[in-house]
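Since every read-out is calculated from the coordinates, none of them should be taken as a lab result. The shown structure was predicted, so the numbers you read here are calculated from the model rather than taken from an experiment. Using ideal geometry, Cβ is built from the backbone for each residue, glycine included, and neighbour counts are taken over all protein chains shown.
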Amino acid sequence: MARLEGKTAIVTGGTSGIGRDTCVRFAREGARVLLTGRGKERGLETVAAVEAAGGVAWFEPHDVTSEDDWKRVIEKADDCFGRLDILVNNAGIFTYGPIEETSADDFDWMWKVNSEGVFLGLKYGLEIMRKNPNKGAIVNISSLSGLVGHADVMAYCTTKAASIMMTKVAAMEAAPHVRVNALAPGPVWNELLEREHAGQDLEAMKEYYRNDQPLKFLGDSSDVTNGVVYLASDESRYVTGSILRIDAGRGAD
Amino acid sequence: MVEGKNVIVSGAASGIGAACARCLLEQGAAYVALADVNEEQGQKLAVQLQADGFNAGYHKLDVREESQWQSVMKEVVDKCGSVDVLVNNAGVCVLKPISDMSLEDFRRVNDVNMKGVFLGTRSAIMTMRECAGDQPASGSIVNISSIMGQTGLRGAIAYGAGKAAVANMSKALAVECGEKGEFIRINSVHPGTVKSEMTTTMYGEEYFNNKDNFAFIPVQDYGVPEDIGNAVVYLASDQSRMVTGSELTVDGGLTSGIGGEF
């Protein structure tokens, strides 16, 4: 049985990676999806992928750092669905480097996308979800890097820690009508990681990631989307303010 | 979600354990061993589940006895060929101030809640290894801890200590099995206030009929055993194949932060 039957969802960063796979998975689970992102062409590719999976999706251009864009995206969701059941704050960026080589501009840009983007999503998402007679669910895609420190990953770790705390605070404010939870994935092999290591020996990189964690299993986007489906569905109706690590045991080590 | 899996649930005769058993069967489990110290209630549930068309059977188990764990493991392997999932759910709760908490109380709680989980987990891992032969062992162990194992609650010196121990045993074993190259995953679930036989006995039916008693929980309600059952299904299934050493809190937001007006 479809686990999100009849539900309506916004997925930010639906143009690639975990976001794109979430859209396709949501369609298979019976949800209609408004996917947003910066690249129109890639967005329309996701729409086509959703349609190929037998689902329905719309694309709306979206810079998550822009308050005006959020207002337009929410209006679009209202037009498409008349209500919003699920919001997946997935859009995010990643760069790394030693502190001394991280410019204030680099830090600022990452903070805007990964933290302010989530803040604006919570702010405008909650507004429309509170009007919905159905209970809603927000899932923030944070990271294991928001729970533990990694050398040379200061800006990303900081912004992901912010999204973890925003999840907890928003869960308290949004209850009892809307649930807010976060996933904290470790590395998963998908097109983004593949691009990150372009030109390198990809099999060797996979081996590196596999061995760099207690459970010798390198997951892919589906491992994250499985968690998203659980947290977005009514199966988790009593789960809010929770942070679920999907990290092959890295954070337990 | 758990098609074909052979499962053992301890403390399965009632409450959260019974809900876990039913949820797992509804999601396709091939067999669920209802392991419980209470034979009458366990047999009764087995009959009910069988009448609903499910493949479940009662197995006598006092979780404090290693030999009984070994017997249950053997019974399930003989019957089904493998043990794929263990849900360590059996538990008892005693809440008392420290002045009234005797060493005997402390041991009574933790013989079941801590030692019982240790023995069950150890027996299951050994069995999963035996069944795997030359291949890396695989399986999923889900330990039912509590939010009292993560935060302090008045009176929970024995219960909280045991539940915290369960969470950390899960993490230590997740790392140990993973680093050995095995695919045995061990996670813990942390329920908040759930209406079950255990809590109804402790607080009374009346307590759960008054919604005002749950106003301190962000979602302003108590949870039901199926809420824990759904979390257990996710962790037992291959959908969580990358999840090990994780804590999944199911508490309606209770431990999300500190209450009260700012």
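What to note about this one:
- Beta bridges per DSSP, both residues in the protein assembly as shown: antiparallel share near 0 percent.
- DSSP bridge orientation in segment B:102-239 - percent antiparallel, rounded to nearest 5: 0
- Relative contact order (percent, whole number), segment A:123-233, Cα cutoff 8 Å, 6+ residue spacing: 29
- Percentage relative contact order, segment B:182-262, counting C-alpha pairs under 8 Å, at least six apart: 49
- Dipole of the protein assembly as shown, positive end: most advanced residue of B:242, A:134, A:124 [Cβ charges, Cα centre]: A:134
- Gap separating the Cα centres of segment B:168-184 and segment A:9-79, nearest whole Å: 38
- With 0.36 nm allotted per residue and the present C-alpha distance subtracted, the residue A:220-residue A:95 stretch has 43.0 nm of extension available.
- Bridge type composition, chain A - antiparallel percent by DSSP, nearest 5: 0
- Neighbour cut-off at most 12 other Cβ (10 Å), DSSP loop, GluC sites (Glu not before Pro), segment A:1-71: A:5
- Of the residues A:201, A:85, A:234, the one that moves most in a GNM of chain A with alpha-carbon contacts below 10 Å is A:201.
- 15 Å Cα-Cα reach of residue A:76 towards aspartates and glutamates, excluding residues that sit fewer than 8 places from it in its own chain: A:60, A:63, A:67, A:68, A:85, A:127
- For segment B:50-74 versus segment A:178-209, the spacing of their alpha-carbon centroids is 41 Å.
- Qualifying GluC sites (Glu not before Pro) in segment A:160-253, where qualification requires a DSSP coil assignment and no more than 14 other C-beta atoms within 10 Å, are lacking entirely.
- Sequence-ordered 3J(HN,Hα) estimates for segment B:32-38 from the Karplus curve with 6.51, -1.76 and 1.60 and θ = phi - 60° stand at 10, 7, 8, 9, 7, 7, 8 Hz, glycine and proline given as x.
- Amide H within-cut-off set for residue A:34, under 5 Å, with H built and near neighbours excluded: A:9, A:10, A:11, A:58
- When chain B is treated as a Gaussian network with alpha carbon springs shorter than 10 Å, the biggest mean-square fluctuation among B:61, B:24, B:103 belongs to B:103.
- Looking at segment B:109-194, the trypsin sites (Lys or Arg not before Pro) that sit in a DSSP loop and have at most 12 other Cβ atoms within 10 Å of their own Cβ are B:154.
- For the residue pairs B:79/B:171; A:40/A:168; A:7/A:131; A:168/B:115; A:71/A:112, alpha carbon separations beyond 24 Å are given by B:79/B:171; A:40/A:168; A:168/B:115.
- A straight line joining the Cα centroids of segment A:92-127 and segment B:226-262 runs 27 Å.
- Take every pair of alpha-carbon atoms less than 8 Å apart whose residues are at least six positions apart; their mean separation over the length of chain A yields a relative contact order of 18 percent.
- Dipole magnitude for segment A:168-253: computed about the Cα centre from +1 point charges on Lys and Arg Cβ and -1 point charges on Asp and Glu Cβ, it is near 400 debye.
- Oblate is the label for segment B:39-96, because a/c, from the alpha-carbon gyration tensor with a ≥ b ≥ c as root eigenvalues, is 1.5 or above and a/b does not exceed b/c.
- The aspartates and glutamates whose alpha-carbon is closer than 20 Å to the alpha-carbon of residue B:195, local same-chain residues fewer than 8 away aside, are A:234, A:235, B:36, B:205, B:206, B:212, B:221, B:226, B:227, B:251.
- Selected from A:145, A:115, A:66 as most flexible by GNM, with chain A as the system and alpha-carbon contacts under 10 Å: A:66
- Computed about the Cα centre, the dipole magnitude for chain B is approximately 420 debye when only Lys and Arg (+1) and Asp and Glu (-1) carry charge, each at its Cβ.
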